[in-house]
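K.L.:
Sharing a structure, written as structure tokens. Questions coming.
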Amino acid sequence: MKPIIVILVACVLFSCGNSKTNSAATAKNASVISDKVITADEQKQLVPDSVIALLKAGNQSFYTHKGTLKNDSLRIHLTASGQYPMAAVLSCIDSRVPVEDVFNMGIGDLFVARVAGNIEDQDILGSLEYACNIAGAKIILVLGHEHCGAVKSAIDNVKLGNITALLTRIQPAVDAVKTPGKRSSKNEALVHDVARKNVELTIDKMRTDSPILNKMEQEKKIKIVGGMYDLDSGKITFF
């Protein structure tokens, strides 16, 4: 059985945008989506908005329990000699957020960088610059999630080995959020607000720290966007 990349994608892409220009662009991009691994020519035809639409459609298939893409021997074979992913996702290491699965994607579809608290550093930035500037990915999605253990640890000012240094990168989000109530990980509203703010600050820092990615975004070659994964429902909210 061949892997299928979200049958409803074409409908989603044709509905994106309000202008005739956007409709034409997304319609063109809908035509390059197939039931097989994306090719170099197909990747070149994609624009950032159409890739975002694909991810949203894939996530909808996931959280409405319509099944997820299953990788098979054909997909493994087709990607062995090259890869043309459509997007790069920076996510947390949390085992409850299997990135390809939550977007109904498979081998060859996404670059995925994972680190506790979905933070950025020089190595992450280098990886994302490769994904977009060299390998052709059209968007970067910084994906946070509810009930994040790294965020909770930052709120509680945990000190433990190398975790201490990692949590300092989340601390600006903790400091920026003024959610009412106790300043503790027991405050679920605070945890949510810090997790979202952490995604926003990571994106801001990414634009500042990587002139390459910033320039690509300014030239509309890529988009850098954020999202939050709901562990209870499986749904991702983009922002």
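The values are calculated or read from the model by the stated rules, or taken from the named source; none is laboratory data. This is a predicted model, so every value here is computed, not measured. All Cβ positions, even for glycine, are placed from backbone atoms using ideal geometry, and neighbour counts span all protein chains on display.
K.L.:
If T64 passes every condition in (1) polar (S, T, N, Q); (2) exposed (fewer than 12 other Cβ atoms within 10 Å of the Cβ); (3) at pLDDT 50 or above; (4) over 30 Å from E146 (Cβ atoms) but one, which one does it miss?
P.N.:
(4)
K.L.:
Hey, can you tell me all the residues within the stretch 178-198 that are in contact with a helix residue (DSSP H, G or I) (Cβ under 7 Å, 6 or more places away or on another chain) and within 10 Å of V151 (Cβ to Cβ)?
P.N.:
Passing the criteria: S185, L190, V191, V194, A195, K197, N198.
K.L.:
Sticking with this structure for a sec: Where the second residue is not small (G, A, S) and the first is surrounded by fewer than 16 Cβ atoms within 10 Å (Cβ to Cβ) and lies in the stretch 105-133, which pairs have Cβ atoms under 6 Å and are six or more apart or on separate chains?
P.N.:
R114/I93
K.L.:
List pairs: first residue in the stretch 153-178 and farther than 13 Å from V194 by Cβ and modelled with pLDDT of 95 or more, second residue acidic (D, E) and crowded, with 17+ Cβ neighbours inside 10 Å anywhere in the structure, Cβ distance under 8 angstrom, at least six positions apart or on different chains.
P.N.:
Correct list of pairs: empty, since none qualify.
K.L.:
Filter the stretch 207-227 down to the residues that are buried (at least 19 other Cβ atoms within 10 Å of the Cβ) and more than 19 Å from M86 (Cβ to Cβ) and list them by number.
P.N.:
The one that is buried (at least 19 other Cβ atoms within 10 Å of the Cβ) and more than 19 Å from M86 (Cβ to Cβ): S210.
K.L.:
So if I check each of A195, A173, which one is within 17 Å of the chain's Cα centre (by Cα), closer than 25 Å to D232 by Cβ and surrounded by 19 or more Cβ atoms within 10 Å (Cβ to Cβ)?
P.N.:
Within the list A195, A173, the selection yields A195.
K.L.:
Return the pair list, or none, for Cβ contacts closer than 6 Å from residues in the stretch 59-88 that are within 24 Å of Q45 (Cα to Cα) and without any contact (Cβ under 8 Å) to a residue 60 or more places away in the chain to residues that are small (G, A, S) and surrounded by fewer than 18 Cβ atoms within 10 Å (Cβ to Cβ), at least 6 apart or on different chains.
P.N.:
Y84/A40
K.L.:
Condition test on P48, is it closer than 19 Å to I212 by Cα and not aliphatic (A, V, I, L, M)?
P.N.:
Criteria met by P48.
K.L.:
Residue under question is I155, and the condition is that it be among the β-branched types (V, I, T) and closer than 16 Å to V89 by Cα; does it hold?
P.N.:
no
K.L.:
Go through the stretch 115-151 and report how many residues are part of a helix (DSSP H, G or I) and either out of contact with any helix residue (DSSP H, G or I) (no Cβ under 6 Å at 6 or more places or on another chain) or over 19 Å from D193 (Cα atoms) (or both).
P.N.:
Within the stretch 115-151, residues that are part of a helix (DSSP H, G or I) and either out of contact with any helix residue (DSSP H, G or I) (no Cβ under 6 Å at 6 or more places or on another chain) or over 19 Å from D193 (Cα atoms) (or both) number 15.
K.L.:
Only one of these conditions is not met by K223: (1) under 20 Å from H147 (Cβ atoms); (2) among the charged types (D, E, K, R); (3) touching a residue at least 60 places away in the same chain (Cβ under 8 Å). Which number is it?
P.N.:
With respect to (1) under 20 Å from H147 (Cβ atoms); (2) among the charged types (D, E, K, R); (3) touching a residue at least 60 places away in the same chain (Cβ under 8 Å), K223 is out only on (1).
K.L.:
Filter the stretch 80-96 down to the residues that are small (G, A, S) and either surrounded by 12 or more Cβ atoms within 10 Å (Cβ to Cβ) or assigned to a strand (DSSP E or B) (or both) and list them by number.
P.N.:
A87, A88, S91
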